[in-house]
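For reference, the structure is listed below as structure tokens.
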Amino acid sequence: MNTVAFACMDADTLGGIQRVSHTLAQGLARRGYDVHVIGLHRSADPVDYIEDPAYGRHEINPGPRWRWGAKKRAHTLLDAIPPGLLVMTSPGVVTRLSGLLGGHRGIGQYHGSFAHARGTWHFGSVRALYGSLDQAVFLSEDDAWRFAEEALLPNTWHIPNPLPGWPHRVSPLTGKRVLGVGRLAGVKRFDRLISAFARAARPDWELHLIGDGPDADRLMLHAVTEGVSQQVTFRGRIPAGEMPAEYRAASLVALSSEHEGLPLVLGEAAAFGLPTVAFDVSGGVRALIDDNRTGVLVPPGDVPALAAALGDLMDDEPRRAAMGEAAREHASAFRLEPILDRWEHLFAHLSR
């Protein structure tokens, strides 16, 4: 099977699914596959992930939603792509395309965690639709096992998302800066990170939040309320090419999300030799952080525990250095080439 297509709700929005799809597409194309990235509809705010893509790009619907006539256009597009593997990257995509596979073999991918899916409509959709596909792919062994057991899926597989690159220079871990990276929106719960940072109460440290979003003003006010407005800097959206300098200027990365699948920011931080402190919200987070060796995991939503973990690492430079070294070694398993090998292993499994 030399043809692989990745289908997203939209393929060019700033987001983890899109970034991973383009990274995998470029990597597989360079290995000789005929690769296509499909957006079910057009992004309202498109981002270019790959400067010189070696794969095909397609949009099914020219507008921002799945509208009348889109099913027919999808059928025409899939018929025009040589038979191969169609990776549907979310339950919404599976809902729309699983009945149009034709000569393609269907892979249902889920980028969230089991814990998040269990509390939303995602769980019912995965249980109803993914079991009839050729493969259901999850981000961690833990998530794959739990979906197999509780959604009764007979076809689970697990492949983590790849890091888009690998730095040659790491952080010296001398800057007294904590990084929080992500969209300033509810699910990331940066309010909890600000509160934890305030409780850690180290006046010579700073918290830098990188990202934009609808909660920016509310979070700025929260920093004032917590008494740390002079130590919390809202950096806005920073181009991907400038992020290496941000990682090298930091000594810690913190993740305070309500839920995550496999958050690449933790892998990227580890690649730069940064230890991380995070809420233990998914198998993907646990795959990226080896607790008390490469970083520290604390109970979900436990702000005092997050504050204590941050404070301990702020005060202990030798421990930060040891964790950072171990984190980089651990993150090497998430480099692009080993992940592409795992996808090719799956392709070989499906071709038997």
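A short reminder: the numbers here are calculations on the coordinates, not readings from a lab. Keep in mind that what you see is a predicted model, and the values were worked out from it rather than measured. Neighbour counts run over all protein chains shown; Cβ positions are idealised from the backbone, glycine included.
Once you reduce segment 169-187 and segment 202-260 to the center of their Cα atoms, the two points are 7 Å from each other.
Taking amide H positions as modeled 1.01 Å from N, with prolines and chain starts lacking one, the residues under 5 Å from Thr233 and 5 or more places away or on another chain are Leu207, His208, Leu209.
How large is Rg/Rh for segment 177-332, to two decimals, with Cα atoms and a Kirkwood Rh?
0.92
Rounded to the nearest 20 Debye, what is the dipole magnitude of segment 177-332 about its Cα centre when Lys and Arg each give +1 and Asp and Glu each give -1 at the C-beta?
Using Cβ point charges on Lys, Arg, Asp and Glu, segment 177-332 gives about 180 debye.
For Ser351 and Arg169, what is the calculated FRET efficiency with R₀ set at 51 Å and r taken between the beta-carbons, to the nearest 0.05? After rounding, the FRET efficiency stands at 0.80.
Put a dot 7 Å past the Cα of Asp48, heading toward its Cβ, do the same for Asp212, and the two dots end up 1.8 nm apart. The residue list Pro318, Ala287, His208 was ranked by how far each Cα lies along the charge dipole of segment 177-332 toward its positive end, using unit charges on Cβ atoms, and His208 comes out on top. In the elastic network of the chain, a GNM with C-alpha springs shorter than 10 Å, the most mobile of Arg118, Arg335, Arg192 is Arg118. Expressed per residue, the C-alpha convex hull volume of segment 30-135 stands at 133 Å³.
In this structure, Thr95 and Ala201 have a Cβ-Cβ separation that, at R0 = 51 Å, corresponds to a calculated FRET efficiency of about 0.60. Relative contact order of the chain, taken over Cα pairs closer than 8 Å and 6 or more residues apart, is 15 percent.
For Rg/Rh (Cα atoms, Kirkwood Rh), computed directly from the structure shown, the correct entry in [x] 0.96; [y] 0.98; [z] 1.23 is [y].
Here is the list for segment 208-281: trypsin sites (Lys or Arg not before Pro) lying in DSSP coil, each with at most 14 other C-beta atoms within 10 angstrom of its C-beta, are Arg237.
Nothing charged except the Cβ atoms of Lys and Arg (+1) and of Asp and Glu (-1): what's the magnitude of the dipole of the chain about its Cα centre? Round to the nearest 20 debye. Using Cβ point charges on Lys, Arg, Asp and Glu, the chain gives about 840 debye.
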